[in-house]
Amino acid sequence: MNWTRTLTEEKTLTETITKRLSVDLSGQAALVTGAGRGLGRCIARTLAAAGAKVACIDINLETLQETIDCIRAAGGTAEPIACNVTDSQRVGEVVDEVTKLWGGLQILVNNAGITRDNMILRMKDEQWDAVLNINLRGTFLFTRAAAKPMIKAHRGRIINIASVSGLMGNPGQANYSASKPGAIGLTRTVARELARRQVTVNAVAPGFIATDMTAALGEEMLAQVKKEIPLGRLGEPQDVADAVLFLASDAASFITGHVLTIDGGLTV
Ligand code: NAP
């Protein structure tokens, strides 16, 4: 299954959406983890189309370069930065680099995430650890590092990518479904800790979105899933990026500690 759009299709879609939402992020610096493909790429592209300078973080430099090319071809500003989100020291360095480069950091999107599915009796320690480390520890490390410049500036937006799998459970995903509510608990707590400094912290919880991660489920399973989604389709990465764009904007300045589901009604 290949859901990749052409560069022209992606550019047109993002331009239409950013115009419709009228969000202007000019002069703001954003950092998006897992920006090499899927939701991260679309979020980075959308923030850049709204005028933000975007630091694109990923462990995979090859796919990351495609994201950068895509943003620059559309006239946006983006920098590729290689980083494993579980590496505490490197995460600190990256946030310092970005803050120095653009004189601050206003928006953080913790998007990098993986699945290592298995039923509970067969789940290996390594599968549990890998998912919890990347999905939860990575979110913690970047949140802690980015909070410093945001607190200092009395301004910031942190948006964590959770999942409906963490809200309703999903057989075969005990590790993943445990990591995502962890990120939600972190979101709500840090939202309370940073509110006085005008830093908002929110999460979005996507349902089934058409990316490589979902393609791995296979056509048969996806056909079944579609039947269960009241809106009758899988989500597009742009559906998630639009919500992130809103939460990053001034229009969302009184929203913090919130979890916004983007699932076509799956969890209603
Ligand atoms: P994806 O297509 O698999 O992309 C994930 C990206 O994160 C990849 O570029 C990956 O690099 C990168 N990454 C993985 N481990 C990393 C690490 N240690 N450090 C830095 N980057 C790393 O996934 P996606 O579907 O876009 O999902 C993005 C986020 O949305 C995840 O947090 C996921 O849990 C969440 N989500 C997705 C869905 C969905 O339906 N797709 C639904 C709910 C929530 P590689 O190319 O090397 O793998």
**Asked** How about segment 25-39: which of its residues are open to solvent by less than 10 Å² (accessible area, probe 1.4 Å) and more than 8 Å from the ligand (Cβ to nearest atom)?
**Response** Leu25, Ala29, Ala30, Leu31, Val32
**Asked** Restricting attention to segment 207-215, does a residue exist that is modelled with pLDDT of 95 or more, among the aromatic types (Phe, Trp, Tyr) and within 25 Å of Ile120 (Cβ to Cβ)?
**Response** yes
**Message:** of a type outside the set (A, V, I, L, M), open to solvent by 10 Å² or more (accessible area, probe 1.4 Å) and either assigned to a loop (DSSP other than H, G, I, E, B) or touching a Ser or Thr at 6+ places or on another chain (Cβ under 8 Å) (or both): is that true of Pro171 in this structure?
**Reply:** yes
**Message:** Pairs needed: first member in segment 249-268, touching a residue at least 60 places away in the same chain (Cβ under 8 Å) and over 24 Å from Ala52 (Cα atoms); second member anywhere, hydroxyl-bearing (Ser, Thr, Tyr) and in a loop (DSSP other than H, G, I, E, B); C-beta distance under 9 Å; at least 6 residues apart or different chains.
**Reply:** Thr261/Thr267
**Prompt:** Looking at segment 142-164, which of its residues are surrounded by fewer than 22 Cβ atoms within 10 Å (Cβ to Cβ) and near the ligand (Cβ under 10 Å from one of its atoms)?
**Reply:** Val164
**Residues satisfying the stated conditions in segment 175-221, i.e. within 10 Å of the ligand (Cβ to nearest atom) and part of a helix (DSSP H, G or I)** = Tyr176, Ser179, Lys180, Ala183, Asp212, Met213, Thr214, Ala215
**Prompt:** Can you tell me which residue in segment 98-133 is nearest to the ligand (Cβ to nearest atom), limited to those that are out of contact with any helix residue (DSSP H, G or I) (no Cβ under 8 Å at 6 or more places or on another chain) and under 21 Å from Ile81 (Cα atoms)?
**Reply:** Asn133
**Item:** Qualifying residues in segment 244-268 (those that are of a type outside the set (Asp, Glu), assigned to a helix (DSSP H, G or I) and more than 12 Å from the ligand (Cβ to nearest atom)) - the one surrounded by the fewest Cβ atoms within 10 Å (Cβ to Cβ)
**Value:** Ala251
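The values are calculated or read from the model by the stated rules, or taken from the named source; none is laboratory data. A quick note: this is a predicted structure, and the numbers were derived from the prediction, not measured. As a convention, Cβ positions derive from the backbone with ideal geometry for all residues, glycine included, and neighbour counts pool all protein chains shown. Just the protein is used for accessible areas: all its heavy atoms, side chains included, with ligands, DNA and RNA removed. Shrake-Rupley method; radii C 1.70, N 1.55, O 1.52, S 1.80 Å.
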